[in-house]
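Visitor: What follows is a single structure, and I will ask about it in a moment.
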Amino acid sequence: MHVLLAALFSLSQGLSFPMPLALVSGQKGQSIAYVLDKSGVRSLWYAEAPAYAPRELWNSGTDDGQELTNLAISNDGKYVVYVRGGSHDANWVIRPWPNPALSPSEQRMAVMSVATAGGEPKMLGEGDTPVISPDGATVAFVHDPDSAVWSAPIDGKSAASLLFFDRGQDGDLQYAPVGSALVFTSNRNDHSFIGVYRDQTAPLQFLAPSTSQDFSPRWSPDGSRIAFIRIPGAGGPPQDLLKEQVQPWAIWVANVADARGHEVWHSGNSSRDSLPGINGPQLNWVAGGNLVFISEQSNWPNLYEVHAGGGSARALSPGSFMVEDTSISPDLSTVYYSANAGTTPGDIARRHIFRVSATGGSETPFTSGVDSQWWPAATADGAAYVNAGAREPFTIAHNGRKLNADQIPSDFPSADMVDPKLVSFTSSDGMHLQGTLFAPAGGAAKKPAVIFVHGGPPRQMLLTWHYFDYYDYGYGTNQYLASRGYVVLSVNYRLGIGYGHDFQYPAHAGPRGAAEYNDILAAARYLQHDPAVDPHRIGIYGGSYGGYLTAMALAKNSNIFTVGVDTHGVHDWSMGENEVPTPPKRYQQPNTQAYLREAWLSSPDAYISTWRSPVLLMQGDDDRNVEFQQMVDLVQRLRLAHVPYEEKVIPNEIHGFLRWHSWLEVDQSAADFLTRYLRP
């Protein structure tokens with residue numbers, strides 16, 4: 001059993017081939033760099049035009065659980081800069097930094113540089129979010145732990161030092177197109193400024209300072225102006241905790257010469273006009289003095305363009321689909337973007353790359369077919385991206401040509417997998433839903449079934465391997481379960497992305513009523529009516545928000561769900577400062593108690609008395625997204641209620657497990673536990 005499990009997990013966890021974790025372009029569109037993960041060994045690769053032949057610059061050598069993130073390429077192509085270590089999936093910053101490999105030495109988050117000609121990487125300093133000066137000589141970064149801006153020579157020949165003093169917590173660094181001026185965001189808690197540093201003799205400059213929160217600064221191509229996002233500052237009257245709040249936002253442009261700014265565009269007042277959530281508005285300059293951004297004003301996250309002088313915004317990519325990631329060509333004339341659109345049936349559950357002229361015209365497909373493509377990285381002659389199929393693993397591609405297909409092993413077990421199909425069903429309150437169904441072939445006997453519930457919740461499960469490593473592991477586990485005779489249904493429930501703003505922000509969801517649990521029940525009813533499924537053998541598993549909904553299913557409907565696996569789920573919305581909005585000390589929110597009561601009734605803990613089905617609980621005790629206390633508390637409740645449970649705790653692991661070995665242990669344990677009770 002475990003041999004096949006390992007073979008199938010090799011797809012998602014890198015036992016046999018590298019899984020991409022990041023992809024960027026640089027050197028004015030003449031090169032790309034990317035990170036791969038193979039069995040937990042993270043490696044950094046570089047390729048130059050025109051051949052784009054990949055070269056490995058460095059690898060970790062072991063499954064040490066230290067991230068490689070925030071890649072940047074110098075304009076002269078001589079160096080790649082990156083960050084090693086830290087915890088970039090956490091909801092907040094907690095030190096010490098993760099140490100999931102249990103090293104006796106404290107781990108650091110370090111800015112590194114490596115020469116593309118070869119040689120060992122150099123540590124430039126402890127910090128994050130590095131940016132490289134236009135001349136390729138200097139790297140500025142946010143220093144850890146004081147969130148000040150430091151700098152170091154890119155070759156590491158001298159130590160990093162403080163670049164300038166600012167009383168705020170700094171971030172969003174970006175060098176001007178030419179020269180040494182640096183723009184940054186100065187966070188002052190209830191407000192923030194856009195600042196400009198020139199040199200040690202010139203005072204810091206703040207652009208159109210106000211009580212607002214300003215962020216995401218972007219230099220104009222000629223360096224004379226800076227565009228940024230503005231939202232209201234913190235404060236105001238008490239808010240209704242039982243309702244989702246509208247987050248109005250605006251685009252501003254300021255002149256660097258005199259620091260004066262003006263509003264270019266602002267959102268409306270409906271929920272759809274709120275600041276886009278998961279990937280933000282992605283503000284960028286393009287040709288003609290225009291700005292492109294993402295807005296959900298039409299219900300769908302689409303691309304818009306507005307002139308930097310102001311005026312009406314026009315849609316660049318109108319349609320009922322989600323624009324997810326964008327990249328601008330070096331000459332600023334073309335916008336590349338990934339979207340769940342296309343002409344192949346089921347494309348709403350895939351990703352393809354499109355391009356549109358910044359000066360007008362219709363968008364055109366750059367990729368298509370039954371595979372998915374994501375992370376466009378624009379180059380001077382097109383774009384690089386990641387490609388993955390339903391059965392075929394990841395490759396880095398450029399203009400349709402796969403660059404590292406030779407790394408896919410010849411014995412890759414594609415034949416042991418299934419092609420998931422897109423299915424639809426409706427919840428009891430009328431919500432129309434989709435899911436991806438993994439149905440094993442053959443056999444007349446009714447089969448056990450498993451529902452997979454993704455986390456987030458702003459995620460969408462695909463008909464192919466996923467762009468988020470967390471869900472590659474889920475996809476690999478689903479394929480394994482199907483190979484063992486299970487029917488597996490992965491549910492795209494409300495609160496997820498890919499189906500528009502209204503679907504992602506429904507009423508009475510989460511701690512305000514758990515309406516999304518209706519979608520899980522609808523998925524179970526779909527399986528109960530599937531003639532291939534034994535309706536008395538339905539299990540459920542998921543992680544994070546999927547762990548929460550798994551626990552809800554077992555607590556409220558043990559009569560439907562035979563068994564479940566809950567990985568780092570929330571079990572009591574009313575517990576802890578990270579689940580409950582904290583009112584300012586100067587006043588109590590008007591309906592805090594009503595909110596807490598609704599949060600409790602929306603929690604699995606409230607239904608322990610009807611929980612009967614066995615559960616496997618798993619979590620890392622250095623979880624920085626869901627407090628480990630959520631698992632500790634639930635274990636005691638289950639013990640006292642005599643509910644059968646098992647637990648697996650991974651010391652020092654965080655929420656999105658950093659080690660390949662942790663993923664293998666957790667997913668293998670989940671498959672074994674489900675099989676013990678469902679007996680395929």
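Visitor: In nanometres, what is the gap between the two model label sites at Val93 and Ala405, each 7 Å from Cα along Cα-to-Cβ?
Guide: 4.4 nm
Visitor: Next question, about the same structure. What FRET efficiency comes out for Arg679 versus Asp621 if R0 is 30 angstrom and r is the Cβ-Cβ distance? Round to the nearest 0.05.
Guide: FRET efficiency, Arg679 to Asp621: 0.40.
Visitor: Given axes a ≥ b ≥ c from the Cα gyration tensor, I'd like to know whether the stretch 319-397 is rounded (a/c under 1.5), prolate (a/b larger than b/c) or oblate.
Guide: oblate
Visitor: Sticking with this structure for a sec: For Lys28, list the lysines whose Cα falls under 28 Å from its own Cα; do not include residues on the same chain fewer than 8 positions away.
Guide: Within the straight-line limit of under 28 Å, Lys28 reaches these lysines: Lys78, Lys122, Lys157, Lys402.
Visitor: Figure the gain on full extension for Ser414 and Gln636 (residue separation times 0.36 nm, minus the Cα-Cα span) and round it to one decimal in nm.
Guide: Value of the extension gain: 75.6 nm.
Visitor: Given a 1.4 Å probe and every protein chain left where it sits, what share in percent of the accessible area of the stretch 75-217 is carbon and sulfur?
Guide: In the stretch 75-217, the share of accessible area belonging to carbon and sulfur is 52 percent.
Visitor: Still on this structure, please answer the following. Using the Cα centre of the chain as origin and beta-carbon charges of +1 (Lys, Arg) and -1 (Asp, Glu), tell me which of Ala439, Leu291, Pro209 is placed farthest towards the positive end of the dipole.
Guide: Result: Ala439.
Visitor: Right, something else. Taking the Cα centre of each part, how many Å lie between the stretch 384-433 and the stretch 203-254?
Guide: Between the Cα centres of the stretch 384-433 and the stretch 203-254 lies a distance of 38 Å.
Visitor: Can I ask one more? What are the equivalent ellipsoid semi-axes of the stretch 69-145, built from the alpha-carbon gyration tensor (square roots of five times its eigenvalues), in whole angstrom, biggest first?
Guide: 25, 14, 9
Visitor: At a Förster distance of 41 Å, what's the computed FRET efficiency of Val370 paired with Ser105, Cβ-Cβ distance as r, to 0.05?
Guide: Here the calculated transfer efficiency is 0.30.
Visitor: How are the Cα pair distances of the stretch 261-400 distributed, in percent, across 10 Å bins from 0?
Guide: Per 10 Å bin, starting at 0, the Cα pair percentages come out as 12, 42, 33, 11, 2, 0.
Visitor: Under the rule a/c < 1.5 gives rounded, and otherwise a/b versus b/c splits prolate from oblate, where does the stretch 628-680 land using the Cα gyration tensor? Write out the running numbers ahead of the final one.
Guide: On the way: a/c = 3.55, a/b = 1.12, b/c = 3.18.
It is oblate, given that a/c is not under 1.5 and a/b is not larger than b/c.
Visitor: Then there is this: Under the classification rounded if a/c is under 1.5, otherwise prolate if a/b is larger than b/c and oblate if not, where does the stretch 455-520 fall, given a ≥ b ≥ c as square roots of the Cα gyration tensor eigenvalues? Show your work: numbers first, answer last.
Guide: On the way: a/c = 2.71, a/b = 1.81, b/c = 1.50.
Since a/c reaches 1.5 and a/b is larger than b/c, the shape of the stretch 455-520 is classed as prolate.
Visitor: Given 10 °C and 1.306 mPa s, how large is the Stokes-Einstein diffusion coefficient of the chain in µm²/s, with Rh as the Kirkwood radius over Cα pairs? Walk me through the numbers on the way to the answer.
Guide: Numbers: Rh = 26.1 Å.
In µm²/s, the coefficient is 61.
Visitor: Suppose all protein chains stay in the model; what accessible area per residue would a 1.4 Å probe give for the chain, in Å²?
Guide: I get 38 Å² per residue for the chain.
Visitor: At what distance in angstrom do the alpha carbon centres of the stretch 650-680 and the stretch 491-541 lie from each other?
Guide: If you average the Cα positions of each part, the centres end up 23 Å apart.
Visitor: Which number do you get for Rg(Cα) / (2.2 N^0.38 Å) in the stretch 188-288?
Guide: 1.20
Visitor: Restricting things to alpha carbons, tell me how big the stretch 376-531 is in terms of Rg and Dmax, in Å.
Guide: Final numbers for Rg and Dmax: 17.7, 56 Å.
Visitor: From zero up to wherever the largest Cα-Cα distance of the stretch 91-240 sits, split into 5 Å bins and tell me the percent of pairs in each.
Guide: 2, 9, 16, 18, 18, 15, 10, 6, 4, 2, 0, 0
Visitor: Given R₀ = 22 Å, FRET efficiency for Ala257-Ser180 by Cβ-Cβ distance, to 0.05?
Guide: Values: r = 17 Å, r/R0 = 0.76.
My answer for the efficiency is 0.85.
Visitor: Another one. For Glu120 and Gln593, compute 0.36 nm times the residue count separating them, minus their Cα-Cα distance, and round to one decimal in nm. Walk me through the intermediate numbers first.
Guide: On the way: separation 473, 0.36 × 473 = 170.28 nm, distance 5.73 nm.
Residue separation times 0.36 nm, minus the Cα-Cα distance, leaves 164.5 nm.
Visitor: State the percentage of accessible surface on the stretch 230-289 attributable to carbon and sulfur atoms; use a 1.4 Å probe and exclude ligands, DNA and RNA.
Guide: On the stretch 230-289, the fraction of accessible area on carbon and sulfur atoms equals 51 percent.
Visitor: Considering only protein heavy atoms, what is the solvent-accessible area of Lys648 at a probe of 1.4 Å, reported in Å² to the nearest 10?
Guide: Its heavy atoms expose roughly 50 Å² to the probe.
The values are calculated or read from the model by the stated rules, or taken from the named source; none is laboratory data. Fair warning: this is a prediction, and the values are worked out from it, not measured in the lab. Note: ideal-geometry Cβ built from the backbone for every residue, glycine included; neighbour counts use all protein chains shown. In case anyone asks, the SASA skips ligands and DNA or RNA and just uses the protein heavy atoms, side chains included. Shrake-Rupley method; radii C 1.70, N 1.55, O 1.52, S 1.80 Å.
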